[in-house]
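Please treat every number below as a calculation from the coordinates, not as lab data. For clarity, every value in this text was computed on a predicted model and none was experimentally measured. Cβ coordinates were reconstructed from backbone atoms using ideal geometry, including for glycine residues, and neighbour counts include every protein chain displayed.
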Amino acid sequence: MTNTEIYDKLKAAFGEKIGEWHEQSGGEYMKRMSSYADITDTSYIRDVCLYLRDEAELEFDSLLLLSSVDNGDKTLSVTYHLESKSKKHFIALKVTVPIDNAIVPSITDVWSHANWQEREAWDMMGIKFLNHPDMRRILLDEDWVGHPLRKDYKHPEFYRGMKVPY
Amino acid sequence: MGLLNKQDNPFESSNIIITGADTLLNWARLSSLWMMGFGLACCAIEMMAASASHYDIGRFGVIPRPSPRQSDIMLISGTVTLKMATRTKLLYEQMPDPKYIISMGSCSNCGGPYWEHGYHVLKGVDRVIPVDVYVPGCPPRPEALLEGLIKVQEKVRKQSLAKTAV
């Protein structure tokens, strides 16, 4: 299936919960990998993922990538790139949340390899994932203050007695 | 070493070497600088290249040791993150005296490409532990590392039991 066909199928199943389709320009590969569908209701992302995984026609068995973006307008986004190894098709989904209430449902119970990628999104961008089994920092130490990939992040002067700026 | 033979008067035979205690000890130490076997980033690849047969750091008596307790020299081969800096300091403190540090590459010299925006990088390993020789480069070629090692050997050669190090 092409990804617009998958989008139409999602739209038929979830209706208003699925937002616009963002078609990206470029070659066939770019179109396939970077076009994405908005999920307007963030709390539905897990249901959408479950549907994509379990529907016989879709059979998305793999989460390729879970990444996060600071959009710079007080919102954060999480992008899900999904692949079906058996059906050989792709789709990307995107949810957007306000920066001061950045909570997204976890999809760890849908694809278990979302676990560490969600922890990374929490560590770097400060997006909390609801019902995640182990919501700790993954790269930085536990006593680190702040989330360094946010655009409003201020570098600390000292960390454990070590001077940080050059 | 078989300096003395079993004759009653060893001075009658030719099997004798006369040398200073400092010279002998320094020669022994600089010819067997065992190094801590650990690498931090891409400089470690050059360190491995220097250890392999083309450059053969072993001909200078450098043997990688798996324990800081058996090491004389520590190669800081790569980016020292703030998380790693505390561990590096601990490893340094576990090494027995006399101990020497080679800071290899721009990252451990001064932060390298991460000097401005690297929130997680220590801007120079000399903020945590004392460095004897800095090897510039990003990463330095194995020849440069060998040059740095020879500089450490020169330093060891000048040391004395009676006086403090020059």
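The set of residues in the range A:18-68 that are touching a Phe, Trp or Tyr at 6+ places or on another chain (Cβ under 9 Å) and aliphatic (A, V, I, L, M) comprises A:18, A:33, A:37, A:39, A:45, A:48, A:52, A:58, A:63, A:64, A:65, A:66. When the range A:47-63 is filtered for residues that are part of a helix (DSSP H, G or I) and out of contact with any helix residue (DSSP H, G or I) (no Cβ under 8 Å at 6 or more places or on another chain), the ones remaining, listed by number, are A:49, A:50, A:53, A:54.
Tell me, yes or no, whether the range A:127-147 has at least one residue that is touching a residue at least 40 places away in the same chain (Cβ under 8 Å) and either in contact with a Leu (Cβ under 7 Å, 6 or more places away or on another chain) or under 18 Å from residue A:44 (Cβ atoms) (or both).
Yes, the range A:127-147 has at least one match.
Looking across the range A:4-39, the residues that are surrounded by fewer than 18 Cβ atoms within 10 Å (Cβ to Cβ) and of a type in the set (Gly, Ala, Ser) come down to A:12, A:13, A:15, A:19, A:25, A:26, A:27, A:34. Taken together, the residues in the range A:127-155 that are in contact with a Phe, Trp or Tyr (Cβ under 8 Å, 6 or more places away or on another chain) and at the interface with chain B (Cβ under 10 Å from one of its Cβ atoms) amount to 5.
Would the range B:126-146 turn up any residue that is more than 14 Å from the chain's Cα centre (by Cα), free of Cβ contacts under 8 Å to residues at least 40 places away in the same chain and surrounded by 19 or more Cβ atoms within 10 Å (Cβ to Cβ)? No, every residue in the range B:126-146 fails to be more than 14 Å from the chain's Cα centre (by Cα), free of Cβ contacts under 8 Å to residues at least 40 places away in the same chain and surrounded by 19 or more Cβ atoms within 10 Å (Cβ to Cβ). Could you look through the range B:47-77, keep only residues that are over 15 Å from the mean Cα position of the chain (by Cα) and touching a residue at least 12 places away in the same chain (Cβ under 8 Å), and pick out the one that is surrounded by the most Cβ atoms within 10 Å (Cβ to Cβ)? The residue in question is B:55. Somewhere in the range B:132-147, is a residue farther than 26 Å from residue B:55 by Cα, away from chain A (no Cβ under 14 Å) and not in a helix (DSSP H, G or I)? The answer is no; no qualifying residue exists. Considered as a group, the residues in the range A:2-43 that are β-branched (Val, Ile, Thr) and assigned to a helix (DSSP H, G or I) include one that is nearest to the chain's Cα centre (by Cα), and that residue is A:42. Residue A:150 - would you say it is assigned to a loop (DSSP other than H, G, I, E, B) and basic (Lys, Arg)? Criteria met by residue A:150.
Scanning the range B:77-128 for residues that are of a type in the set (S, T, N, Q), more than 12 Å from chain A (Cβ to nearest Cβ) and under 22 Å from residue A:148 (Cα atoms) returns B:79, B:108.
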